[in-house]
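This is the structure, below, for whatever I ask next.
The values are calculated or read from the model by the stated rules, or taken from the named source; none is laboratory data. Note that the coordinates shown come from a computational prediction; the quantities given were computed from them, not determined experimentally. Reconstructed Cβ throughout: ideal geometry from the backbone, glycine too, with neighbour counts over all protein chains shown. Ligands, DNA and RNA are stripped out before the accessible areas are found, and what is left, the full protein with its side chains, is counted by its heavy atoms. Shrake-Rupley method; radii C 1.70, N 1.55, O 1.52, S 1.80 Å.
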Amino acid sequence: MSLHWRKWIPSVVVLICSLLSMPSYAIPAFSRQYGTSCSTCHVDFPKLNDFGKAFKDAGFKFPKDDETFIKLPPVMLGAPAQKELWPHTIYPGTIPGLPPIGLRFNTFFQVTGNNRNNFNLQNPGDPTLQQFIPRTDFQPGLFSIFMAGNFGDGIAFWVDDDISVGGSGASGGLGDGYLKFVNIGRFLKLPTDALSMRVGQFELDLPFSPARSWNLSGWDIYDESNFNTPSATGSPSVNNAFALSSAAQGVEFSGGHSYGGYHYSLAIVNQNTGGTPASGTNVAPEVAYVSDSNFKDIYARASYRFNLERDATSRKEVQAAGATGPRDHTYITLGTLYFYGRAVQRYQGQDLTGTQTTITAREPFYRLGGDFSFNYRAFNLFGQYLYGHDQNQLPFIPAAQPLPTNFIMGPAATFSGGFLEADYMAYPWLMAIMRWDEVKSTSDSLNGIGADFNNPPPSPFFGAYSSTRNRFTPGIQFLIHANIKASFEYQIRPQQIVYVPGSAVKLTNPFRTNSAVAGLEWVY
């Protein structure tokens with residue numbers, strides 16, 4: 001890196017110190033508890049280094065000799081000797097010496113290119129089409145409170161809540177809230193850390209956490225749902241609002257380590273397809289997905305991480321040995337995930353005489369994906385591919401009947417895509433990011449969203465045209481202090497156009513929504 005580059009880095013830091021970050025949580029309470037910096041566990045908060053991953057795996061404890069390093073001893077809830085008297089007395093535990101409470105706030109500034117105005121030019125006289133894409137915007141982000149720690153004997157806890165979202169408390173809500181019982185496999189004589197259990201509300205064990213992403217914008221594929229606007233032309237009625245980034249309620253069993261070797265998880269969670277029963281007439285029947293309270297979805301993940309250090313002893317340690325101290329391993333991780341759910345597809349409607357009918361079908365859907373991560377010293381390259389498939393039923397109206405009498409199988413609704421990202425730590429406080437996101441979705445096509453304005457949908461029938469959304473996003477992030485971060489990214493999107501769903505009739509002129517986003521975030 002040239003001396004010229006070094007000279008103007010501080011000026012850039014000053015210029016972009018009004019920045020935002022997407023949902024993410026570092027835990028300064030752990031810094032207070034152990035008397036150490038956030039950088040002990042984080043590369044660029046909230047991105048974890050190998051030690052941070054081991055700390056999390058161990059139930060928010062140092063993976064070795066935790067009692068030696070803790071600076072604020074926990075409060076004992078009973079004498080240790082009570083363990084020998086159980087079950088004739090309450091089993092002793094601990095609580096943190098100080099309340100492990102952390103706060104987080106972020107704010108952002110966004111500029112969108114002038115070309116976005118073409119979105120409104122096709123039918124300027126129609127108020128229903130005069131949608132507005134903001135050009136510039138100052139906006140407060142989240143104000144959150146979070147707590148995490150352990151109660152001794154391998155019982156960890158986490159709770160986070162968004163008190164205010166976008167400056168309004170009405171949009172806040174619980175993020176994660178769970179208890180994790182670490183290494184319960186010891187009671188079954190299983191190998192160490194072969195089995196743990198988490199209960200409550202939590203983010204699914206995805207390869208890369210959307211809730212704790214260090215990027216300003218989320219990975220698009222994790223937010224993708226099979227959601228479309230039904231019509232009377234025979235288009236599919238899949239209306240599933242589920243996305244992998246959604247919080248889940250249930251129980252999760254897991255084992256292994258995220259800093260080396262195998263890792264697996266199996267979660268049984270509530271149905272979360274969203275939606276409410278729709279209403280319609282025999283002219284334009286409507287169908288909606290609703291959650292099935294009698295069925296629990298299943299999520300499974302398996303991965304293996306190969307640490308590539310030459311020294312055999314270093315390969316097996318939590319962190320690799322370096323000339324200047326511990327560092328992250330050189331490694332490659334390969335993984336896969338699978339989600340299976342079954343949603344209620346329901347039609348509720350009435351004909352022109354007021355006669356009502358309700359028909360219901362329970363249809364399966366699944367998400368299948370593969371992922372990898374390669375790390376060499378300060379460089380990390382990783383990616384995710386995901387395929388989504390929703391089986392689909394269409395309401396069937398027999399001849400001479402005013403209302404549907406049953407469902408018939410229709411073409412499935414699908415999407416595919418993923419992301420590829422490269423992060424490079426130019427300095428311990430400076431990270432450069434390059435990222436590619438792509439989503440190809442038949443639901444986007446049905447909603448009239450096309451990425452290539454030169455190739456409009458040729459047919460109103462489902463499956464004849466699939467829309468692709470993609471973007472290239474370079475970015476840079478600065479740690480002003482270990483707990484204060486400034487970020488910038490520029491989102492480059494292809495030229496696109498919006499059509500009347502299921503036809504080649506344009507609703508808009510070609511437009512782009514390239515955006516520059518800057519953010520500032522602190523945690524305490």
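For G152, are the conditions met, namely being at positive phi and not in a strand (DSSP E or B)? Walk me through it before giving the result.
On the way: at positive phi: yes; not in a strand (DSSP E or B): yes.
The answer is yes for G152.
Same structure, new question: Could you please tell me which pairs satisfy a Cβ distance under 8 Å, a separation of 6+ or placement on different chains, a first residue in region 479-490 that is charged (D, E, K, R), and a second residue that is surrounded by fewer than 21 Cβ atoms within 10 Å (Cβ to Cβ) and not in a strand (DSSP E or B)?
Qualifying pairs under 8 Å: E489/S217.
Another question, then. Please give the number of the condition G450 fails out of (1) at pLDDT 55 or above; (2) surrounded by 16 or more Cβ atoms within 10 Å (Cβ to Cβ).
Going through the list (1) at pLDDT 55 or above; (2) surrounded by 16 or more Cβ atoms within 10 Å (Cβ to Cβ), G450 breaks only (1).
To continue, here is another question. Taking region 88-104 on its own, how many of its residues are open to solvent by 90 Å² or more (accessible area, probe 1.4 Å) and either touching a residue at least 60 places away in the same chain (Cβ under 8 Å) or not hydrophobic (A, V, I, L, M, F, W, C) (or both)? First the steps, then the outcome.
Let us first name the residues in region 88-104 that are open to solvent by 90 Å² or more (accessible area, probe 1.4 Å), namely 88, 90-91, 98-99.
Checking the rest, the ones that are also either touching a residue at least 60 places away in the same chain (Cβ under 8 Å) or not hydrophobic (A, V, I, L, M, F, W, C) (or both) come to 88, 91, 98-99.
Residues flagged as open to solvent by 90 Å² or more (accessible area, probe 1.4 Å) and either touching a residue at least 60 places away in the same chain (Cβ under 8 Å) or not hydrophobic (A, V, I, L, M, F, W, C) (or both) within region 88-104 amount to 4.
Look through region 24-63, keep the residues that are within 18 Å of M147 (Cβ to Cβ) and of a type in the set (K, R), and return whichever of them is surrounded by the fewest Cβ atoms within 10 Å (Cβ to Cβ).
R32
Quick check on my filter: what residues within region 305-327 are surrounded by 15 or more Cβ atoms within 10 Å (Cβ to Cβ) and in a strand (DSSP E or B)?
R305, N307, A320, R327
Taking region 184-209, which residues are in a loop (DSSP other than H, G, I, E, B), surrounded by 14 or more Cβ atoms within 10 Å (Cβ to Cβ) and not small (G, A, S)? Let's see the steps before the verdict.
Going through region 184-209, the residues in a loop (DSSP other than H, G, I, E, B) turn out to be 189-195, 203-209.
From what is left, the residues that are surrounded by 14 or more Cβ atoms within 10 Å (Cβ to Cβ) are 193-195, 203-209.
Those that are in a loop (DSSP other than H, G, I, E, B), surrounded by 14 or more Cβ atoms within 10 Å (Cβ to Cβ) and not small (G, A, S): D193, L195, E203, L204, D205, L206, P207, F208.
Taking region 384-426 as the region of interest, how many residues are buried (at least 20 other Cβ atoms within 10 Å of the Cβ) and hydrophobic (A, V, I, L, M, F, W, C)?
Of the residues in region 384-426, 7 are buried (at least 20 other Cβ atoms within 10 Å of the Cβ) and hydrophobic (A, V, I, L, M, F, W, C).
Within region 145-157, count every residue that is more than 9 Å from T94 (Cβ to Cβ) and modelled with pLDDT under 90.
1
Based on this model, can you work out whether R212 counts as of a type in the set (K, R), crowded, with 18+ Cβ neighbours inside 10 Å and either more than 21 Å from the chain's Cα centre (by Cα) or modelled with pLDDT of 65 or more (or both)? Steps first, please.
On the way: of a type in the set (K, R): yes; crowded, with 18+ Cβ neighbours inside 10 Å: yes; either more than 21 Å from the chain's Cα centre (by Cα) or modelled with pLDDT of 65 or more (or both): yes.
When the stated conditions are applied, R212 passes them.
Give the residues of region 210-226 that are among the hydrophobic types (A, V, I, L, M, F, W, C) and in a loop (DSSP other than H, G, I, E, B), sorted by residue number. It would help to see each step written out before you state the result.
First, the residues of region 210-226 that are among the hydrophobic types (A, V, I, L, M, F, W, C): 211, 214, 216, 219, 221.
Those that are among the hydrophobic types (A, V, I, L, M, F, W, C) and in a loop (DSSP other than H, G, I, E, B): A211, W214, L216, W219.
Just checking, how many residues over region 308-342 are touching a Leu at 6+ places or on another chain (Cβ under 8 Å) and among the hydrophobic types (A, V, I, L, M, F, W, C)?
The number of residues fulfilling the criteria is 3.
With respect to D371, is the statement that it is open to solvent by less than 10 Å² (accessible area, probe 1.4 Å), at negative phi and in a strand (DSSP E or B) true? Outline the logic, then answer.
Working: open to solvent by less than 10 Å² (accessible area, probe 1.4 Å): no; at negative phi: yes; in a strand (DSSP E or B): yes.
Answer is no for this residue.
Let's see how each residue does on (1) at pLDDT below 50; (2) in a strand (DSSP E or B); (3) open to solvent by 40 Å² or more (accessible area, probe 1.4 Å):
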residue	(1), (2), (3)
A464	yes, no, yes
T468	no, yes, no
I480	no, yes, yes
Q491	no, yes, no
